[in-house]
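Presented below is the structure to which this report refers.
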Amino acid sequence: MQNISSKFKYTTDLGISATKTTFKLKKTKDKITHILVIVFAFIMVGVLIWDIIRQASFVIDLIILIALIGVEIFSLIMPHIIINTQKKFLNQLNLAEMDYTETQISKNKCTETYYKDNKIVMQNVCDMSKLVNYEINNNHAFLVFNNFACAIFDLSTLNVSLEELKQSLDNTIAKNKLIKNK
């Protein structure tokens, strides 16, 4: 496989877009969790009412119901907390001081390298066997890995065609799903 790379100026807004894209692309499990929590909350309301009618102890029912509601509230606000935390983190990195970022896929690794004065300041490395999804949006490709990491490619500086990038990513994701399902 040919190395795929692009160079671009990484910004806080781009990092926030990557975080939002990661949440959006990994929502399938979240939807299932939300549905299950709501279903169990309704079941617990029914059990609570039944215990009240029978004049049985309903303390455990109430504790479980409050816990389920707490879990649902937490899962709804957690993305906002993570986005705000990510924004603070990216601002602390002083991305404006970085000259450029190079993202590259080679040897089954996706590496984001941040440069200042032509020296490596920071580097993120993800194993391509962990790639679960991607999205092309606003002249960028956002690659999402199973640990919520996200790599970004700038399509205007990509060293291969967009179709080659998509083909490579689709093949990798298909291979990862095949291996995961074995």
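The values are calculated or read from the model by the stated rules, or taken from the named source; none is laboratory data. Everything numeric here is computed off the predicted structure, so don't read it as measured data. All Cβ positions, even for glycine, are placed from backbone atoms using ideal geometry, and neighbour counts span all protein chains on display. Ligands, DNA and RNA are stripped out before the accessible areas are found, and what is left, the full protein with its side chains, is counted by its heavy atoms. Shrake-Rupley method; radii C 1.70, N 1.55, O 1.52, S 1.80 Å.
Measuring with a 1.4 angstrom probe and ignoring ligands and nucleic acids, Val47 comes out at about 50 Å² accessible.
If the chain between Ser57 and Met122 were fully stretched, how many nm would it gain, using 0.36 nm times the residue separation less the Cα-Cα distance?
17.7 nm
Relative to the first principal axis of the alpha-carbon coordinates of the chain, what is the inclination of helix 27-53, with its axis defined by its Cα atoms, in degrees from 0 to 90 and to the nearest 10? Orientation of helix 27-53: about 10 degrees from the principal axis.
Taken one residue at a time, the phi angles of the range 130-145 give Karplus couplings (6.51, -1.76, 1.60, θ = phi - 60°) of 9, 5, 10, 6, 7, 9, 9, 7, 6, 6, 9, 10, 9, 9, 10, 9 Hz. Gly and Pro are set to x.
Percent of Cα pairs in the chain per distance bin of 10 Å, from zero to the largest separation: 9, 29, 26, 16, 11, 7, 3, 0. Take every pair of alpha-carbon atoms less than 8 Å apart whose residues are at least six positions apart; their mean separation over the length of the chain yields a relative contact order of 28 percent. Averaged over residues, the count of other Cβ atoms within 10 Å places the peptides 81-89, 102-110, 117-125 in the sequence 102-110, 81-89, 117-125, highest first.
Sorting Leu36, Leu131 by accessible area puts them as Leu36, Leu131; the probe is 1.4 Å, largest comes first, and only protein heavy atoms count. Our summary gives the range 1-94 a relative contact order of 41 percent, counting only alpha carbon pairs under 8 angstrom and 6 or more residues apart.
For Phe148 and Lys31, calculate 0.36 nm times their separation in residues minus their Cα-Cα distance, and state this gained length in nm to one decimal. If you can, show how the numbers build up before the last one.
Working: separation 117, 0.36 × 117 = 42.12 nm, distance 1.64 nm.
Net length gain for the segment: 40.5 nm.
For the residues Met128, Met98, Met78, a GNM of the chain with alpha-carbon springs under 10 Å puts the largest fluctuation on Met78.
Over 22 Å between Cα atoms: which of Lys107/Lys130; Lys31/Lys177; Lys7/Lys180 fall into that group? Walk me through the numbers before you get to the answer.
On the way: Lys107/Lys130 14 Å; Lys31/Lys177 20 Å; Lys7/Lys180 32 Å.
Going by Cα-Cα distance, Lys7/Lys180 fall outside the 22 Å limit.
Once both labels are positioned 7 Å from their Cα atoms along Cα-to-Cβ, the gap between Ile82 and Glu97 label points is 2.8 nm.
What number comes out for accessible area per residue over the chain if the probe is 1.4 Å? Units Å², please. Could the numbers behind the result be given before it?
Working: 11390 Å² over 182 residues.
Roughly 63 Å² per residue, with all protein chains present.
Rounded to the nearest 10 degrees, the inclination of helix 12-25 to the longest alpha-carbon principal axis of the chain is 50 degrees.
Cα centroid separation, the range 20-67 to the range 106-176: 38 Å. Listed by chain and number, the aspartates and glutamates placed with their C-alpha closer than 15 angstrom to that of Lys119 are Glu97, Asp99, Glu102; residues fewer than eight positions away on the same chain are left out. Find which of Ser75, Ile16, Ile105 sits farthest along the positive direction of the dipole of the chain, computed with +1 on the beta-carbon of Lys and Arg, -1 on that of Asp and Glu, about the Cα centre. Sorting the options by dipole projection puts first Ile105. Helix 162-180 versus the longest principal axis of the chain: what angle, 0 to 90°, nearest 10, using Cα atoms? Value to nearest ten degrees: 40.
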